[in-house]
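The values are calculated or read from the model by the stated rules, or taken from the named source; none is laboratory data. The structure displayed is predicted, hence computed values, not measured ones. Using ideal geometry, Cβ is built from the backbone for each residue, glycine included, and neighbour counts are taken over all protein chains shown.
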Amino acid sequence: MKHRIITIDGPAGSGKSTVAREVARRLGFTYLDTGALYRAAALAVISSGVDARDGVACASVIDKAEISLHEDKVYLDGRDVSSDIRSPGVAEAASAIAVHADVRKRLTALQRELADRESIVAEGRDTGSVVFPGADLKIFLDADIAERARRRHAEFARKGMDADPSEVFESMRRRDEQDGSRRHSPLRVPENAFVVDTTHLTQEEVVVKILSMVRQALAD
């Protein structure tokens, strides 16, 4: 049986993580949170004391780290770091290490290994453009930055994390700038992707819209 690959890319706060997880659940596919992989890698780099600007050193740390995903949990060297990787500091470090080609090469290989074993819904920033260019369906979610920052702040609040709204907005603005201007695999709309603006849509509306696209793509 041929394994299917659905990719959902987009900037931070566009709703792709929540939507991708739910789409995967309803399809019976595995949810691949590529952002979590990069955050776990960034946490490994932070813990090692290596400079995030040193691509060779970062790649070396990641080579030695054991990063895995299991039932919505993220593990680094056998430890559940699902909560640790959601801090603004780790998010910025993830964006910083993501500019390095060697880092991306190692984490891309990890993503493709999973797709070789099962059907997936992969969510990230370059899953449709670089990691899985031959995906069965590519989606790019977007939203106004003010709305994306509001969602991220609400997420922090639900988890009991204290964050200043203006700092969340500024962190997201910097993340957008880094992701869009990096030399290797910049954030962009993948070729043949469907763009969905989620600014004024509920989560359920986005999920239903994507599921309709998936059924049509798989039927074709």
Filter result for Ala93 (closer than 19 Å to Leu187 by Cα, at pLDDT 95 or above and part of a helix (DSSP H, G or I)): no
Could you tell me which residue of segment 38-50 is surrounded by the most Cβ atoms within 10 Å (Cβ to Cβ), considering only residues that are β-branched (Val, Ile, Thr) and part of a helix (DSSP H, G or I)? Val45
Checklist (1) at pLDDT 95 or above; (2) assigned to a helix (DSSP H, G or I) applied to Val121, failing item: (2)
Which residues, counting only those in segment 51-74, are outside any helix (DSSP H, G or I) and either free of Cβ contacts under 8 Å to residues at least 24 places away in the same chain or within 16 Å of the chain's Cα centre (by Cα) (or both)? Asp51, Asp54, Glu66, Ile67, Ser68, Leu69, His70, Glu71, Asp72, Lys73, Val74
Residues in segment 35-50: is at least one within 30 Å of Ser212 (Cβ to Cβ) and either aromatic (Phe, Trp, Tyr) or without any contact (Cβ under 8 Å) to a residue 40 or more places away in the chain (or both)? yes
Residue check: is Ser68 out of contact with any Pro (no Cβ under 6 Å at 6 or more places or on another chain), crowded, with 19+ Cβ neighbours inside 10 Å and at pLDDT below 95? no
Inside segment 86-127, the number of residues satisfying the requirement of being among the polar types (S, T, N, Q), under 23 Å from Gly13 (Cα atoms) and touching a residue at least 24 places away in the same chain (Cβ under 8 Å) is 4
Quick check, is Ala109 outside any loop (DSSP other than H, G, I, E, B), farther than 21 Å from Ser47 by Cβ and touching a strand residue (DSSP E or B) at 6+ places or on another chain (Cβ under 9 Å)? no
